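Comments concern the structure below.
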Amino acid sequence: MNREAWSAVAETAKIAVEDPRSLVPGAPDLEPIVKTEDLWKVYRSGALDVPALRGVAMEVLPGEFVAIMGPSGCGKSTLLHVIGGLAQATRGRVLLDGNDLSEMTDAGRTKLRRHKVGFVFQRFNLLPTLDARGNIAIAQHIHGDGFDPHRFDVVTHMLGLAGRLRHRPAELSGGEQQRVAIARAIINEPKILLADEPTGNLDTKNSESVLHMLRQLNQQLGQTTILITHNPEAAAFAHRVLHMRDGQIVDSIPAD
Amino acid sequence: MIGELVWRNTLHRPLRTLVSIVAVGVEVSLILLIVGLTHGMLREVAKRIEGVGADIMVQPPSASMFLAFSGAPMPVSIGARIADLPHVKAVAPVLVQLSSSGGLDVVYGIDPSSFDAVSNGFVYLQGHRLESPDDVLVDDWYARARNLKAGDTLHLLGHNFHVAGVVEHGKGARVFVQLKTLAQLTGSPDKAALFYVKCDVPGQTALVSKEIGQLLPRYQIRPIREFLSLMTATNVPGLNTFVRSMIALAAAIGFLVIFLSMYTTIIERTRDIGILKSLGASKAYIVRALLGETALVCAAGIVTGILMSYGASLLMRELFPTLTILITPGWILRAMGLAIGAGLAGATYPAWLASRKDPVEALAYE
Ligand SMILES: Nc1ncnc2c1ncn2[C@@H]1O[C@H](COP(=O)(O)OP(=O)(O)O)[C@@H](O)[C@H]1O
Ligand SMILES: [Mg+2]
């Protein structure tokens, strides 16, 4: 694409502030892959109720790359955990690819997570006893379709991991560990990738490479992604940025 | 894949894994050695009884199967009445006493001529037959273990005996003295604990048994063949309880060690469990991974235990030549089953706890 074409895309993005549907090329009538309605999460610590989410309503369309920004403690991680079925909402609804998580059992949410969600965390969360290959392959194993060598090769090459597969997490740099974690998250082609401050523990160079990869996955594989970040430069990689404060979404603007 | 995780996790804490393996090994070898020793001892006794060469054994009504514990309530004169029955070639009265000087040994009090008639006589490796009241015969194993030879003095049952001869092993006991002497020493004059009966024609055992039964109702009359098949640990009441207690103890060791090891494992690996859950692993998957690890440790422990048992039995054979340890395939299988069962039982609760961990809390675990 030439310079003009790029700026045309950027223009379109700026105009389409209200309707995220216009951001996904060629699919105006898509059903949202993630939809929350009046979502509440209240933690009980001692006699005190701590509301971490206070009526979050949001939608993410298939193929979208959405960033969520907000100050520490505003409920970003909690929102991601509830959307991904790791935690249960206190009130309200989460629809994930048409499934209502709030009505599911723990086993049901586990199964949904297995088939439709990929997580990437700030602290990588790789299994320390397995090498990079094992960390990625175990996700395929848990998924139940067994080891798919073709998918494995595509993903590991795309993330530049081909030469590092025999190393354990402790022998990998932070950037490499996070790339292994991303490979693990997308190896089963999840409907949605949830990344919670994936660059929070990385230096600038590695942060940028991780963000480029997330964008590449989104553009080339159509991977729907929700990215939590503190960093406005990271948010700039997304189609759209949601701002959170005190457990609520305060606005939704497209990135520039 | 779960196999690789199990394998890697097992290697992650080598010392803890090693301790668990050794504990399971101790469990397995405890079972094999206790059972092996008991069986070995019983088989040894059985073989020696068979070696006497009698066809029938007659015991008083309340006698224990296990010869060493038998009392002496039968008058020796009964022997003469049995000898008068048709087809009876010889009858040998025997008094049985347990000696605890330097190990447990069965001492037979015999009347040399009748015992020779039933058993076709001893094979003398040294010395001569029982002659004077203070004479004692020992078998070659006993002589080797105690470093005895003909002419030595042997202190037994509070009495100094003169070793008259060393005989080939395999005829009822390892130590033989005169029936009269043993009767005096134990305060049971003219009594016998059992009679060995020899028939004149081999095929007459059943007939003669029946005749003796009519002559001595309520007495225990057993063809030697039947007796041998009854000589198993589970048929000897006191021994049975002892063996079972030891097996239970061994299984308890395995259970507790695996429980503790798995309990610390799941706490240490809280975050790993959270990671597996974030990947969508079910409770069953997590339980399977942990039980798989336990099964691996048990398998290694079983191999260790079997090797330890054979090692120990070789060592025992060197140190105590008169002891026989009988390790049978059947009991190896049973010990394996017990070790796996106790291990999996010990791991079940920790695995269940792990499968129920809250994923978000587990992921936040430091
Ligand atoms: N397990 C918990 N128990 C009690 N309070 C919690 C728990 N987890 C999070 N919180 C609280 O919920 C709020 C939102 O937390 P979080 O979602 O982690 O925020 P963020 O990711 O935006 O920094 C914070 O006030 C935090 O203290
Ligand atoms: Mg957070």
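The values are calculated or read from the model by the stated rules, or taken from the named source; none is laboratory data. Given the structure is predicted, the values throughout are model-derived calculations rather than measurements. When we count neighbours, we look across all protein chains shown, and the Cβ atoms used for this are built from the backbone with ideal geometry, even at glycine. What goes into the accessible areas is simple: the full protein's heavy atoms, side chains included, and nothing from ligands, DNA or RNA. Shrake-Rupley method; radii C 1.70, N 1.55, O 1.52, S 1.80 Å.
Taking R0 as 35 Å, what FRET efficiency do you get between B:ARG225 and B:ALA83 from their Cβ-Cβ distance, rounded to the nearest 0.05?
Once the sixth-power term is evaluated, E becomes 0.95.
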Efficiency of FRET from Cβ geometry, B:LEU319 and B:LYS149, R₀ 25 Å, rounded to 0.05 = 0.75
Relative contact order %, the stretch B:1-158, counting alpha carbon pairs below 8 Å whose residues are six or more apart = 14 percent
For chain B, what relative contact order do you get, as a whole percent, if you take Cα pairs closer than 8 Å and at least 6 residues apart?
-> 29 percent
Antiparallel %, DSSP beta bridges [both residues in the stretch B:61-218], to 5 = 75 percent
Ratio for chain B, C-alpha Rg to 2.2 N^0.38 Å, reads 1.38
To the nearest whole number, what is the average tally of beta carbon atoms from other chains within 10 Å of the beta carbons of peptide B:270-278?
-> 6
Of the residues B:ALA145, B:ALA206, B:ALA92, the Cα lying farthest along the dipole of the stretch B:61-218 towards its positive end, which is defined by charges on the beta carbon of Lys, Arg, Asp and Glu, belongs to B:ALA206
Which Rg and Dmax, in Å, describe the Cα atoms of the stretch B:61-218?
-> 15.9, 47
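Could you list the trypsin sites (Lys or Arg not before Pro) in the stretch B:291-366 that lie in coil according to DSSP, counting only those with at most 16 other Cβ atoms within 10 Å of their Cβ?
Filter output for the stretch B:291-366: B:ARG356.
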Putting +1 on Lys and Arg Cβ atoms and -1 on Asp and Glu Cβ atoms, find which of B:SER119, B:ILE247, B:PRO133 reaches farthest to the positive end of the dipole of chain B.
-> B:ILE247
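What does the charge dipole of the protein assembly as shown about its Cα centre add up to, to the nearest 20 debye, if the Cβ of each Lys and Arg holds +1 and the Cβ of each Asp and Glu holds -1?
In debye, rounded to 20, the protein assembly as shown gives about 780.
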Could you tell me the accessible area of B:LYS198 in Å² (1.4 Å probe, neighbours in place), rounded to the nearest ten?
-> 40 Å²
To the nearest 20 debye, chain B has a Cα-centred charge dipole, built from +1 on Lys and Arg Cβ and -1 on Asp and Glu Cβ, of 900 debye
Rounded to a whole number, the mean other protein chain Cβ count within 10 angstrom for residues of A:115-122 is 2
What does the charge dipole of the stretch B:61-218 about its Cα centre add up to, to the nearest 20 debye, if the Cβ of each Lys and Arg holds +1 and the Cβ of each Asp and Glu holds -1?
-> 320 debye
Rounded to two decimals, the Debye log10 I(q)/I(0) of the stretch A:53-150 (Cα scatterers, no solvent) at q = 0.17, 0.24 Å⁻¹ is -0.94, -1.38
Any chance you could list P(r) for the protein assembly as shown, counting all Cα-Cα pairs in 20 angstrom bins from zero, rounded to whole %?
-> 17, 31, 17, 15, 15, 5, 0
Could you work out the relative contact order of chain A, using alpha carbon pairs under 8 angstrom and six or more residues apart, expressed as a whole percent?
-> 27 percent
Rounded to 5, the percent of DSSP beta bridges in chain A classed as antiparallel | 60 percent
Based on Cα positions only, what radius of gyration and what Dmax would you give for chain A, in angstroms?
-> 18.1, 60
Output field shielding_mean for A:105-111 (other chain Cβ, 10 Å radius) holds 3
Could you list, bin by bin from short to long, the percent of Cα-Cα pairs of the stretch B:280-346 in 10 Å steps?
-> 19, 36, 24, 13, 6, 2, 0
Rounded to the nearest 5, the percent of DSSP beta bridges in the stretch A:160-256 running antiparallel is 55 percent
Which one of B:ALA289, B:PRO189, B:GLY158 is farthest out on the positive end of the charge dipole of chain B, using unit charges on Cβ (Lys, Arg +1; Asp, Glu -1) and the Cα centre as origin?
-> B:ALA289
Per-selection metrics, the stretch A:130-204 (Cα): Rg and Dmax in Å = 11.9, 37
Contour excess over end-to-end distance, with Cα ends at A:ASP106 and A:GLN88 and 0.36 nm allotted per residue = 5.6 nm
Would you look at the GNM of chain A, springs on alpha carbons closer than 10 Å, and say which of A:PRO32, A:PRO62, A:PRO71 moves the most?
-> A:PRO71
Count of lysine pairs, the stretch B:61-218, Cα-Cα under 24 Å, sep. 8 or more residues or interchain, comes to 14
Among the lysines, which fall within straight-line cross-link reach of A:LYS35, defined as a Cα-Cα distance under 28 Å, with same-chain neighbours fewer than 8 residues apart omitted?
-> A:LYS14, A:LYS76, A:LYS111, A:LYS116, A:LYS191, B:LYS277, B:LYS283, B:LYS357
Per-residue accessible area for B:HIS155 at 1.4 Å probe radius, Å² rounded to 10?
-> 110 Å²
Quick one: order B:THR186, B:THR205, A:THR229 from most to least accessible surface, probe 1.4 Å.
-> B:THR186, B:THR205, A:THR229
